[in-house]
Structure formats: C-alpha cells, structure tokens
Amino acid sequence: MNDFLKKGFWLGIGAAITSKEKLEENINRLVQKGMMTRTEADSLFNEFLKKGEEKSESWNEEFRKTIKNQLKEFGFVTREELDSLQSQITLLQEEIKLLRHTETTTENTTENTDTNNEDKSFVRIDKADEDLY
C-alpha cells in the first residue's frame, strides 16, 4: 500500500512538472511568433499556475479523504480517537487506584475492629481470683 501511494504521489508530481514545462514552451512559442506579448504570456502563465494550485489543493483534499477512509477500513483510529481512549484509560486507572485504596482502608479498619472485639472477649483474672481456680 505504501509503495502504491509513493508511486501515485510521484506520478502526480511528474505530471505537474511536465505540464508546467509544456505550458512554458507553448507560451514562449506564441511570444516568439508574435501572437502574444511577454506581458500577456506572463499573465496567462500566472493564471494557469493559480488554477493548477487550486486544483492541486482540491486533489490533495480528495486524496486525504480517500486515505482516511481506507485507514478506517483497515481498523486504524484517528489521533482524536486515540487521545480519547487514552484519557478514558487514565480515568479508569485512577478509579481502580482509588477503589483499591478504599478497599485496603476498609480491610484495615475491619481488622482493627475485629482485634478490639477479640480483646474484649477475654476476661482478666486478678491474683485474688487465681486462688479460686
């Protein structure tokens, strides 16, 4: 696919350069034959260049859309979609961290409560009471 795109790009560049050179040659011939003044030739050449640039921008936009659609078909995501997913992952990681911290704190509190309850279940025997046993 990448090679195909490169070839298409270079084909377009080659066609544009060839067209420009041919245009210059034809305009210069018209000037040499006296069918056009140099000012008219320059004006005509600049007009063709301007139209060519506008068409080039249009083709570039169409090319971008085509490539974007093809990449989507292959399962690629846009930069915006990737950034959105990364943000969502970061938020989920923070939530997990918070939940783990809350869970750990709850377990520690429960253990302390259980320990305190166990201590209360034992009865202390004084020395005076030892004689009874």
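For the pair Lys72 and Lys97, a Förster radius of 25 Å applied to the C-beta separation gives a FRET efficiency near 0.15, rounded to the nearest 0.05. In the full protein context, the stretch 2-53 carries 83 Å² of accessible surface per residue, based on a 1.4 Å probe and ignoring ligands, DNA and RNA. Estimated from the Cβ-Cβ distance and a Förster radius of 30 angstrom, the FRET efficiency linking Glu21 and Arg64 is about 0.65. For the stretch 55-66, putting each phi into the Karplus relation 6.51 cos²θ - 1.76 cosθ + 1.60 with θ = phi - 60° gives couplings of 5, 4, 4, 5, 5, 4, 5, 5, 4, 4, 4, 4 Hz, in residue order, rounded to whole numbers and with x for Gly and Pro.
Overall shape: oblate for the stretch 1-65, with the ratio a/c of the largest to smallest alpha carbon gyration tensor axis at 1.5 or above and b/c at least equal to a/b.
Which links in Lys20/Lys55; Lys6/Lys68; Lys20/Lys51; Lys20/Lys65; Lys22/Lys51 stretch past 18 Å when you go from one Cα to the other?
Lys20/Lys65
The values are calculated or read from the model by the stated rules, or taken from the named source; none is laboratory data. All values reported here derive from a predicted model rather than from experimental measurement. Heads up, the Cβs are rebuilt from the backbone with ideal geometry, glycines too, and the neighbour counts pull from every protein chain shown. Areas reflect the complete protein model, heavy atoms only, side chains present, ligands, DNA and RNA absent. Shrake-Rupley method; radii C 1.70, N 1.55, O 1.52, S 1.80 Å.
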